[in-house]
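The values are calculated or read from the model by the stated rules, or taken from the named source; none is laboratory data. Since this is a predicted model, take the numbers as computed values, not measurements. With ideal geometry, Cβ positions are generated from the backbone for all residues, glycine too; neighbour counts draw on all protein chains shown. Heavy atoms of the whole protein, side chains included, go into the accessibility calculation; ligands, DNA and RNA do not. Shrake-Rupley method; radii C 1.70, N 1.55, O 1.52, S 1.80 Å.
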Amino acid sequence: MVELYGKTLSRRQVRERSGMLSQFAGVRLMTLGDGVERGVRMLEFRTGSGLRFTALVDRALDIADCDFKGQAIGWHSPSGFRSPGLHEYEGEGGLGWARSFSGLLVTCGLDHILGQEEVPAENYNYPGKKTVVHSLHGRVGTIPARLTGYGETWDGDRCVLWAEGIIQQSAVFGEDLHLLRRIEADVGGNEIRLFDRVVNHGFNRTPHMYFYHVNVSHPLLDEGSRYLAPIREVVWASHEGERYQAQKVGYRTMPAPQLGFSEQVWQHDMAADANGDVPVAVVNDRIGLGLELVTRKDQLPCAYQWQNFQAGQYALGIEPSTHHVLGNLAARERGEMIWLEHGDSRSYDAVFRVLDGAGAIAACERRIAAIATQPQEDYPMPSGNFPILGGTGR
């Protein structure tokens with residue numbers, strides 16, 4: 001059954017009340033037409049509950065806009081949803097990625113996820129290519145998808161909005177990795193479901209790294225907004241030492257935008273529930289709005305928290321990851337790199353759940369607290385303990 005506007009409706013009853021489902025909900029393909037976004041295709045999803053979001057077909061089918069009942073959730077940076085045709089991956093010493101960085105979800109990978117690094121390339125068997133130079137967060141987020149389908153599907157009295165596409169990160173004498181992505185949302189629902197599978201389509205043994213850069217902003221993010229997570233311990237902080245408390249911003253409670261703020265990043269060790277799920281949320285009690293992200297510990301065992309409270313760029317990132325913040329070379333040296341042979345694949349599932357009202361926020365907080373109680377101090381001492389990950393066998 002479909003929950004719409006305070007009523008529970010069957011498929012027939014929905015049809016009786018409209019000429020087309022698009023009156024209430026649906027998926028619509030559009031093309032942006034101006035500025036740096038010109039020519040970018042995107043799919044607009046409307047569930048009828050007040051949840052609206054867009055998926056950028058020409059940018060890895062990442063989620064760009066997201067709002068609920070007119071309240072923004074997803075982050076819009078000054079860069080806009082820049083056309084991939086304008087992107088210079090290797091520009092600015094590897095920091096050119098920041099000129100295309102915007103949206104609720106920016107996918108990082110498929111063979112590199114963190115800062116700029118130069119890594120060995122002997123696995124590609126090409127004498128002229130001794131190393132691969134990686135820019136910030138990898139290539140996949142600015143690669144257009146081949147859209148394989150989208151629409152609305154009824155299963156009895158339940159209706160699912162969906163889209164599917166394939167993103168190919170490929171090079172001669174290099175990697176040939178394909179990301180197969182499916183996005184779903186129920187008519188009448190408050191959730192976005194993401195199903196990803198990364199496949200080595202090539203015949204060279206290929207490294208694989210992956211993480212979701214999930215970015216929320218105002219009004220969900222505001223002074224007093226809270227970060228909720230089943231944290232067993234804080235592993236690392238980019239600003240630990242003398243700078244750890246210098247900006248007077250801890251990990252639990254968010255400040256208003258600030259001039260001259262320098263980004264802060266934590267890595268947390270998260271606990272999972274009995275099903276292996278790891279829920280993390282950002283909530284704003286004042287307006288009764290939250291966003292909960294649920295991923296799987298066996299798929300994305302590491303977790304970062306990114307805080308960029310600079311005025312004009314105000315954002316907080318939830319970042320589940322396949323690897324520690326130590327980087328690409330460290331993953332290789334520690335035996336933690338995921339190596340994919342031809343036909344090997346890795347799957348990743350994520351649920352983005354809007355928390356509507358104080359009751360939904362409280363229920364989420366109870367779910368998380370039942371898994372693990374996060375540190376109650378704002379500046380927990382990082383342990384420096386990076387557990388060994390499974391590497392190829394994971």
Multiply the residue separation of residue 154 and residue 90 by 0.36 nm, subtract the distance between their alpha-carbon atoms, and state the gained length in nm to one decimal. 18.6 nm
Determine the per residue accessible area of the range 300-384 with all protein chains present and a 1.4 angstrom probe, expressed in square angstrom. 37
Return the long-range amide H neighbours of residue 289 (sequence gap of 5 or more, or a different chain), with a cut-off of under 5 Å between placed amide H atoms. 284, 357
FRET efficiency estimate (nearest 0.05) - Cβ-Cβ, residue 7 to residue 363, R0 22 angstrom: 0.45
For the range 226-242, in residue order, the Karplus 3J(HN,Hα) values (coefficients 6.51, -1.76, 1.60; θ = phi - 60°; whole Hz; Gly and Pro = x) are 10, 9, 10, 7, x, 7, 7, 7, 8, 8, 7, 9, 5, 10, 5, x, 4
Could you provide, to the nearest whole Å², the per residue accessible area of the range 36-157 with probe 1.4 Å? 38
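Compute the FRET efficiency between residue 195 and residue 44 as 1/(1 + (r/R0)^6), taking r as their Cβ-Cβ distance and R0 = 25 Å, and round to the nearest 0.05.
Here the calculated transfer efficiency is 0.80.
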Pull out the extension gain between residue 168 and residue 339, defined as 0.36 nm times the separation in residues minus the alpha carbon to alpha carbon distance; nm, one decimal. 59.8 nm
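Solvent-accessible area per residue for the range 231-291 at a 1.4 Å probe radius, Å²?
Working: 2690 Å² over 61 residues.
Solvent-accessible surface per residue comes out at 44 Å².
Carbon-plus-sulfur fraction of the accessible area of the chain, 1.4 Å probe, in percent? Spell out each step's value before the answer.
On the way: 7960 of 16050 Å².
Answer for the chain is 50 percent, counting heavy atoms of protein chains only.
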Near-label residues of the range 233-266 by backbone N, under 15 Å of a point 7 Å along Cα→Cβ of residue 381: 233-237, 240-242, 244-245
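Using a Förster radius of 51 Å, what is the FRET efficiency between residue 16 and residue 313 based on their Cβ-Cβ separation? Nearest 0.05, please. If you can, show how the numbers build up before the last one.
Numbers: r = 48 Å, r/R0 = 0.93.
The value I calculate is 0.60.
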Cβ crowding within 10 Å averaged over residues, with 103-115, 159-171, 29-41 ranked highest first: 103-115, 159-171, 29-41
In whole angstrom, note down how far apart the Cα centers of the range 97-129 and the range 188-231 are. 17
